[in-house]
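Peer 1: Starting off with a structure, shown below.
Read the figures in this text as sums done on the coordinates, not as results from a lab. This one's a predicted model, so the numbers in the text were calculated from it and none came from an experiment. In this analysis, Cβ positions are derived from the backbone assuming ideal geometry, glycine residues included, and neighbour counts consider all displayed protein chains.
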Amino acid sequence: MVVAMTATFHDRADLAQVTPLLRRLTGAEKHEPSAYSTLDVIWVLYDRVLRVDPSRPTDPDRDRFLLSKGHGPHAYYAVLATKGYFPVSWLDDLAGPRSPLGHHPDRTLVPGVEIASGSLGHGLGLGVGIALGLRIQRRFDPRVYVLLGDGELDEGSNHEAIAYAAVAGLDTLTAVVIDNRTATHGWPGGIASRFMIAGWTAATVDGRDHDSVEQALRANEPGRPHAVVAEVEGTH
């Protein structure tokens, strides 16, 4: 079963409606750069790529999106609100005493959120487990997308996940790395080479170019997990 996409907007100009919503999320301004670095990629995912339906957020055949870079969820919340997962009014009470929106997303409180995140280095391993679980259930249509920061790749747990996903041939898994040149460590040939040397397919794109991001997200091949490195300079 393929669930309906939530997208009702199909050009870059419509992203402008999300920016005012970001300004309604106050109280964690130190993480705003993290939000703006992920905004374009998250928008493309929800507007063009993910097979999801906000009226059925737990549909077993939905695609899964995991925000591993969970310490700056403003863009994530704004896009989810725009796409109808929860009322826009929720954005006015970030981390309030009765607000479901925390400084880190909580899957038990926020419709559409797949994992609680913010402690970096966990998302890709969880994505591997979800992709493997779907395979065991013989659900071969849903894809799993995990968004990570480049600095997050310094966490060793990610390299275990990279190695296992390739060996297991988890071709429904896509890692999306926001590369803003903040990582302590690096690899010859860039971040994409770290995935490719382990057996993944990979593409590097301008993280603000929506068409390029979409094309890269759809460039996965049978039998191999896929990585998209979205270069976004000038942000954290």
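Peer 1: What is region 12-231's relative contact order, in percent, from Cα pairs under 8 angstrom and six or more apart in sequence?
Peer 2: Normalised by residue count, the contact order of region 12-231 is 20 percent.
Peer 1: Follow-up. Under a point-charge model restricted to the Cβ atoms of Lys and Arg (+1) and Asp and Glu (-1), what is the dipole moment magnitude of the chain relative to its Cα centre, in debye to the nearest 20?
Peer 2: Computed about the Cα centre, the dipole is about 560 debye.
Peer 1: Show the residues, 5+ positions off or on another chain, whose built amide H is closer than 5 Å to the amide H of Arg143.
Peer 2: Amide H neighbours of Arg143: Asp63, Arg64.
Peer 1: Given only helices, namely DSSP H runs of n ≥ 4 each adding -39500 (n - 2.57), what is the per-residue ellipticity at 222 nm of the chain, to the nearest 500 deg cm²/dmol?
Peer 2: Only helices count here, giving -8500 deg cm²/dmol.
Peer 1: Taking the Cα atoms of region 96-137, report the difference between the largest and smallest coordinate on each principal axis, in whole Å and largest first.
Peer 2: 40, 22, 9
Peer 1: At 0.36 nm per residue, minus the direct Cα-Cα distance, what do Ser193 and Ala95 gain on full extension? Give it in nm, one decimal, please.
Peer 2: Difference between extended and current length: 31.4 nm.
Peer 1: Which entry is the computed Cα Rg over 2.2 N^0.38 Å for this structure: (1) 1.02; (2) 0.94; (3) 1.06?
Peer 2: So the structure-derived entry is (2).
Peer 1: Nearest 10 degrees, 0 to 90: what angle lies between the long axis of helix 32-44 and the longest principal axis of the chain (Cα atoms)?
Peer 2: That helix lies at roughly 70 degrees to the long axis.
Peer 1: Arg56 to Glu233: extension gain in nm, 0.36 nm per residue of separation minus the Cα-Cα distance?
Peer 2: Roughly 60.1 nm would be gained on extension.
Peer 1: To test your reading of the geometry: what angle, between 0 and 90 degrees and rounded to tens, separates the Cα axis of helix 123-136 from the longest principal axis of the chain?
Peer 2: Helix 123-136 and the main axis of the chain meet at about 70 degrees.
Peer 1: If you don't mind, another one. Region 41-108 to region 142-173: how many Å between their Cα centroids?
Peer 2: First find each Cα centre; the distance between them is then 21 Å.
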